[in-house]
1. Largest first, how would Ile36, Ile77 line up by accessible area (1.4 Å probe)?
2. Extension gain Ile79-Asn50, at 0.36 nm per residue separation less the Cα-Cα distance, in nm?
3. Can you compute 3J(HN,Hα) from phi for each residue in segment 71-79, using the Karplus curve 6.51 cos²θ - 1.76 cosθ + 1.60 with θ = phi - 60°, rounded to whole Hz and x for Gly and Pro?
4. Could you tell me which of Met30, Met48, Thr15 has its Cα farthest along the dipole of segment 10-63 towards the positive end, charges placed at Cβ (Lys, Arg +1; Asp, Glu -1), taken about the Cα centre?
5. Please list, short to long, the whole-number percent of alpha-carbon pairs of the chain in consecutive 10 angstrom bins beginning at zero.
6. Which cross-chain or sequence-distant (5 or more) residues have an amide H under 5 Å from the amide H of Thr51, H modelled 1.01 Å from N in plane?
7. In whole percent, what relative contact order does the chain give with Cα contacts below 8 Å and a gap of six or more residues?
8. With θ set to phi - 60° and the Karplus curve 6.51 cos²θ - 1.76 cosθ + 1.60, what are the ³J(HN,Hα) couplings of segment 48-56 in order, to the nearest whole Hz, using x for Gly and Pro?
Amino acid sequence: MYIGIKAVVPQNDYTLLLTFENDEQRVLDMKPYLEIGHIFRALKDKKMFNTVRVSFRTIAWENNADLAPEILYNSSIRI
């Protein structure tokens with residue numbers, strides 16, 4: 001079982017402020033992911049990075065990049 005995402009806010013430093021369904025807020029540093037494959041490298045463009053949205057209890061971008069909610073939770077830091 002995983003905790004889904006209910007809100008995401010992109011930050012200027014390539015981090016994401018995530019709010020999970022249990023109302024826990026966490027920050028995910030996306031910089032390491034920006035070097036993985038073509039689809040994530042495209043997120044280096046701030047305009048594309050800022051297209052992030054909640055999609056099916058996780059997050060996705062306009063270019064169809066997405067991350068599983070388990071990765072979001074386990075790789076983020078609670079604030």
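1. Working: Ile36 95, Ile77 120 Å².
Correct descending sequence by accessible area is Ile77, Ile36.
2. Working: separation 29, 0.36 × 29 = 10.44 nm, distance 2.11 nm.
Once the chain is fully extended between Ile79 and Asn50, it gains 8.3 nm.
3. Whole-Hz 3J(HN,Hα) from phi for segment 71-79: 5, 4, 6, 6, 9, 9, 10, 5, 10.
4. The Cα lying farthest towards the positive end belongs to Met48.
5. Bins of 10 Å from zero give 20, 58, 21, 1 percent of pairs.
6. For Thr51, the qualifying residues are Glu62.
7. Values: 133 pairs, mean separation 24.5, N = 79.
Answer for the chain is 31 percent.
8. Along segment 48-56, the couplings run 6, 4, 6, 7, 4, 8, 6, 8, 6 Hz.
The values are calculated or read from the model by the stated rules, or taken from the named source; none is laboratory data. What you are looking at is a predicted structure, and each value in this text was computed from that prediction instead of being measured. Here the Cβ is made from the backbone with ideal geometry for all residues, glycine too, and neighbour counts use every protein chain on show. Ligands, DNA and RNA are stripped out before the accessible areas are found, and what is left, the full protein with its side chains, is counted by its heavy atoms. Shrake-Rupley method; radii C 1.70, N 1.55, O 1.52, S 1.80 Å.
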